[in-house]
């Protein structure tokens, strides 16, 4: 080996002799061959099979660790002594390798780091975009391994397989040895070269897996079939019998129908009151304490993948990038994926122009149907390297310590916990009536309902963001259903069915509440359509579902998921009947509402709806948004909007089930300052 790296290097032959891996005679033979044929000494030793590949690189990487990459970068003038000193200090706090810290801080480019590695190991530093690999050497079944671990077979030269790597560690080289199954040597390249090249070469493979993996492996959980033949048959038989019964016994049939609806709504209201009562327990707000976060040792934290799916959101990219940079988590342990659609040149170019640090990676999702967020996230999973993973949206502002709280929450939770859901709320609370109602609804949902569902072992419909996963379980489940437009709700139920626990934690991510009714309708109709999809999927085998969820879980699913759908669809019908009766004093409804049905209906109308208004008030009180409390009296108008969205979602379920209706962000019309570290933690300042 040459002395390119300065005094920090030893000749590779002398190093191997000193470790007893080869003899002096073998070294002399290798040197003689080098004089005759030329080429690196290490390549000659490997191709002559004088030493095993792993033993060879174990010796080399151990020596490299002692030589410290920081010294090499300073020697080359790529890093200042001051930065090296700071990096060494940070290393003591974070427990990461020095090179990872330097890259995460953006002090040295990945390209320059690759050059330094290549020089030290006396290997070529190759631009894969210019010196492309021999794609015949790529094993299609191992593309996911290549993309996750950042290596790939490059070319075959001098009797050895050359493998392109981004980093050189004993663990990686052992994996390469197991994957390629033959003697190999390596060349060094940039991780972005491997990421972009694998997407170009294997895009169809990753895309096919992203779309079809769940449907192929577990078709019973895929929403790609909206209505199964059994469900259509059941619906046909039920409607036929209903028409016959209604024709023969019109009044008793309608009385039974009204009674059934009234009882269902009564129980639905009852469940929500129980959830409000249980979820109001103070211990849910202290599941992870600030003291536990402060006591956490950064050196013990795992690598965390952050999935950031975006579509035509170039304007919000700088804000979310800054929010992720300022997370209270070692930057060197963040693996951030900017998941962008291939045709979204605007956002891709904006990401490139920002000059983001090496922890940010652009994942371009090829154009294919369905064009949905879950499909994009499934695609990015093939490139993800974290032990834990979370999803954020482009307009999100998570509390800085959220990732640490998630780590602690997993450690405090039962071993079968697969996902921890963070709380969601809004930073433009008081912009207009709609944002006020949306904020109270989200506060009720995430601060009361979800903790109670967790406590009662009822399946939790996850939120679309700030859900934190164990990566191995997420992959085991086949990721998200790309055909379900509320993939979060579906996955929460699937995980529960599979015996995993879905938990919640007391950390909030702030988003932008919709301030436009048409935009809100687009978003809410998609959510309700997705709830319908999820209900249809998981009710394909109701007896099996009952056995998997148990009594409380099954009926909780019926009333929380099913009840949300039914309430949205029935609210305008019941309101119109009541208004018609109130205005005209008509007696046309009297035969269909005998006294026992009428009393239940009036209870639902006056008492139950009144208690739901009270829950909205309570949600504002818990978040200390006291100015929102009087607005809770206008909740019935908000329910009318929900019904509008519900019928739109039902129409789309029949005519365009997989269409992902885009919600536009960045519509806030006044300046909002969001500081979760000042004043009251977790409260936006407007």
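No lab work stands behind these numbers, since they all come straight from the coordinates. What you see is a predicted model; the values in this text were computed from it and never measured. Note that each Cβ is placed from the backbone with ideal geometry, even for glycine, and that neighbours are counted across all protein chains shown.
To the nearest 10 degrees, how steeply does helix 24-37 sit against the main Cα axis of the chain, on a 0 to 90 scale? Approximately 90 degrees, to the nearest ten.
Determine, from the Cβ-Cβ distance of residue 587 and residue 263 and an R0 of 41 Å, the FRET efficiency 1/(1 + (r/R0)^6), rounded to the nearest 0.05. Walk me through the intermediate numbers first.
Working: r = 24 Å, r/R0 = 0.58.
The computed FRET efficiency comes out at 0.95.
Comparing Cα centroids, the range 476-495 and the range 431-475 end up 15 angstrom apart.
Could you sort the peptides 319-327, 360-368 by per-residue average Cβ neighbour count (10 Å cutoff), highest mean leading?
360-368, 319-327
The antiparallel fraction among DSSP beta bridges confined to the chain stands at about 35%.
Which of rounded, prolate or oblate describes the range 6-201 when judged by the alpha-carbon gyration tensor and an a/c cut-off of 1.5? Before the final figure, lay out each step's value.
Working: a/c = 1.83, a/b = 1.14, b/c = 1.61.
Because a/c hits 1.5 or more and a/b fails to exceed b/c, the range 6-201 counts as oblate.
Sort 206, 442 so that the residue with the fewest other Cβ atoms within 10 Å of its own Cβ comes first and the one with the most comes last. Mind dumping the intermediate values first?
Values: 206 24, 442 20.
Exposure proxy ranking, most exposed first: 442, 206.
Using alpha carbons only, what's the Rg to Rh ratio of the chain with Rh from Kirkwood? Kindly include the intermediate steps, with their values, before the conclusion.
On the way: Rg = 29.8 Å, Rh = 28.1 Å.
Rg divided by Rh gives 1.06.
Extension gain, residue 178 to residue 48: 0.36 nm times the residue separation minus the Cα-Cα distance gives 44.8 nm. Spatial offset of the range 561-628 relative to the range 317-389 amounts to 44 Å, using the alpha carbon center of each. Normalised by the number of residues in the range 457-543, the average gap of Cα pairs under 8 Å and 6 or more apart makes the relative contact order 34 percent. Simple spin-label estimate for residue 289 and residue 498 gives 3.4 nm between the two label positions (7 Å along the Cα-to-Cβ direction from each Cα).
Only beta bridges with both residues in the range 6-201 are counted; by DSSP, about 50 percent of them are antiparallel. Here the calculated FRET efficiency for residue 31 and residue 86, from their Cβ-Cβ distance with R0 = 45 Å, stands at 0.60, rounded to the nearest 0.05. Label-to-label distance, residue 242 versus residue 216, with points set 7 angstrom from Cα along the beta-carbon direction: 3.9 nm. In the chain, the longest principal axis of the Cα atoms and the axis of helix 53-67 are about 90 degrees apart.
Based on Cα contacts under 8 Å between residues 6+ apart, the range 127-228 shows a relative contact order of 26 percent. Rounded to the nearest 500, the 222 nm mean residue ellipticity of the chain from helices alone is -16500 deg cm²/dmol, with -39,500 (n - 2.57) taken per DSSP H run of at least 4 residues.
Using only Cα atoms, locate the centre of the range 194-222 and the centre of the range 503-517, then give the distance between them in Å, rounded to an integer. Cα centroid to Cα centroid, the span is 30 Å.
Over the chain, calculate the relative contact order: mean separation of alpha carbon pairs under 8 Å at least 6 apart, over the residue count, as a percent.
That works out to 14 percent.
Segment residue 552..residue 369, full-extension length gain: 62.2 nm, with 0.36 nm per residue of separation and the alpha-carbon distance subtracted.
Of the residues 468, 500, 43, 283, the one with the fewest other Cβ atoms within 10 Å heads the list, and the complete ranking is 283, 500, 43, 468. Taking each residue as 0.36 nm, the span from residue 169 to residue 346 lengthens on full extension beyond its C-alpha to C-alpha distance by 60.0 nm. As an exercise, use a Förster radius of 35 Å and the Cβ-Cβ distance of residue 234 and residue 578 to find the FRET efficiency, rounded to the nearest 0.05. Result of the calculation: an efficiency of 0.65. In degrees from 0 to 90, rounded to the nearest 10, what is the angle of the helix 635-655 Cα long axis to the longest principal axis of the chain? Approximately 70 degrees, to the nearest ten.
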